[in-house]
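A.B. asks: Sharing a structure with you now.
The values are calculated or read from the model by the stated rules, or taken from the named source; none is laboratory data. The shown structure was predicted, so the numbers you read here are calculated from the model rather than taken from an experiment. So basically every Cβ, Gly included, is an ideal-geometry build from the backbone, and we count neighbours across all protein chains shown. Accessible surface areas use protein heavy atoms only, side chains included; no ligands, DNA or RNA. Shrake-Rupley method; radii C 1.70, N 1.55, O 1.52, S 1.80 Å.
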Amino acid sequence: MSDRTMHWENVYATKGETEVSWYQERPTTSLEMIRAAKSDHEAAIIDVGGGASRLVDALLQDGYRRLAVLDLSANALDVAKKRIGQAASTVDWIVADVTTWQPAKIYDVWHDRAAFHFLTDARDRAAYVERLRSAVGPGGQVIIATFAPDGPEKCSGLPVQRHNSASLAAELGREFELVETRRETHHTPWQSTQAFQFSRFRRRGS
Ligand SMILES: C[S@@+](CC[C@H](N)C(=O)[O-])C[C@H]1O[C@@H](n2cnc3c(N)ncnc32)[C@H](O)[C@@H]1O
């Protein structure tokens, strides 16, 4: 098991879902941006580094039917599966490191809240973008939320690379055009605040 996987398996084995700084009861900004990206409930959507997030619950409630959640922590995905119950069987749960994952299908929407920002090494970011490019076709949309430039320097005790829409655009390359960017002040369960940015891109082509 890699150090990275050990870190996250330990987090989800020792902390409850609501005891982590990134917990959200309702991921409103993500939901709004996914709906704006693809309102068709047949859209294939993947939540990359989804962990135990309640985004998948909310998307199922909305009526989206082709959902996948990828995370390197099996513990995290188990928390989400147990919470969701029977409907979890309709979701594709993928235990993988996104930087080495081999996508087997094309997604209409790629969503990532607070996973990409852990990639502080340029080679890991390039590997992530390579996976993204093989998983998102022309016309597909990519939503990446990270700590903003004035956000914290660490998350879960690990250093992060903070971003804005321009730095994300540079990582993704010219094939992806920026559609919208938003700022969000996240309130942690212990009521400290963290500045996030959410940027949505569209892959050029039909
Ligand atoms: C800060 S948490 C955010 C979880 C979720 N996106 C949310 O908003 O609640 C970061 C998540 O990314 C996952 N993660 C970190 N690095 C990853 C990688 N290289 N590949 C896949 N998942 C990763 C962690 O296991 C963790 O669940």
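A.B. asks: What longest region of the chain stays clear of trypsin sites (Lys or Arg not before Pro) that DSSP places outside H, G, I, E and B and that have at most 16 other Cβ atoms within 10 Å? Write out the running numbers ahead of the final one.
C.D. replies: Values: sites that count: Lys15, Arg65, Lys105, Arg174, Arg204.
In the chain, the maximal stretch lacking such sites is 106-173.
A.B. asks: Could I ask something else about it? Under a 1.4 Å probe, what is the accessible area of the chain per residue, stated in Å²? Could the numbers behind the result be given before it?
C.D. replies: On the way: 9490 Å² over 206 residues.
Computed with neighbouring chains in place, this is 46 Å² per residue.
A.B. asks: Would you please classify the overall shape of the chain from the alpha carbon gyration tensor, given that a ≥ b ≥ c denote the square roots of the eigenvalues, rounded means a/c under 1.5, and beyond that prolate means a/b larger than b/c while oblate covers the rest? It would help to have the intermediate numbers written out before the result.
C.D. replies: Numbers: a/c = 1.29, a/b = 1.08, b/c = 1.19.
Here the chain falls in the rounded category.
A.B. asks: With a 1.4 Å probe and all protein chains kept in place, how much accessible area does Ile106 have, in Å² rounded to the nearest 10?
C.D. replies: About 100 Å², ignoring ligands and nucleic acids.
A.B. asks: Follow-up. Which sequence of Ser156, Ser199 reflects their accessible areas, 1.4 Å probe, from the largest down?
C.D. replies: Ser156, Ser199
A.B. asks: Percent of accessible area on the range 66-192 owned by carbon and sulfur, 1.4 Å probe?
C.D. replies: Details: 2940 of 5880 Å².
Reported share for carbon and sulfur atoms: 50 percent.
A.B. asks: Considering only Ile46, Val160, Gln141, whose Cα is most displaced toward the positive end of the charge dipole of the chain, charges sitting on Cβ of Lys, Arg (+1) and Asp, Glu (-1)?
C.D. replies: Gln141
A.B. asks: Write out the chymotrypsin sites (Phe, Trp or Tyr not before Pro) in the range 164-206 meeting two conditions: DSSP loop, and at most 15 other Cβ atoms within 10 Å of their Cβ.
C.D. replies: On the way: sites: Phe176, Trp190, Phe196, Phe198, Phe201; in loops: Trp190.
Within the range 164-206, the qualifying chymotrypsin sites (Phe, Trp or Tyr not before Pro) (loop, at most 15 other Cβ atoms within 10 Å) are Trp190.
A.B. asks: Then there is this: Please report the carbon-and-sulfur percent of the accessible area for the range 1-51; probe 1.4 Å, protein heavy atoms only, DNA, RNA and ligands left out.
C.D. replies: On the way: 1160 of 2490 Å².
Percent of accessible area from carbon and sulfur atoms in the range 1-51: 46.
A.B. asks: Any idea of Tyr23's accessible area? Nearest 10 Å², probe 1.4 Å.
C.D. replies: Its accessible surface works out to 50 Å², give or take rounding.
A.B. asks: Kindly provide the helix-only [θ] at 222 nm of the chain, computed as the sum of -39,500 (n - 2.57) over DSSP H runs of four or more divided by all residues, to the nearest 500 deg cm²/dmol?
C.D. replies: Details: 6 runs with 63 residues, N = 206.
When only DSSP H runs of four or more count, the value is -9000 deg cm²/dmol.
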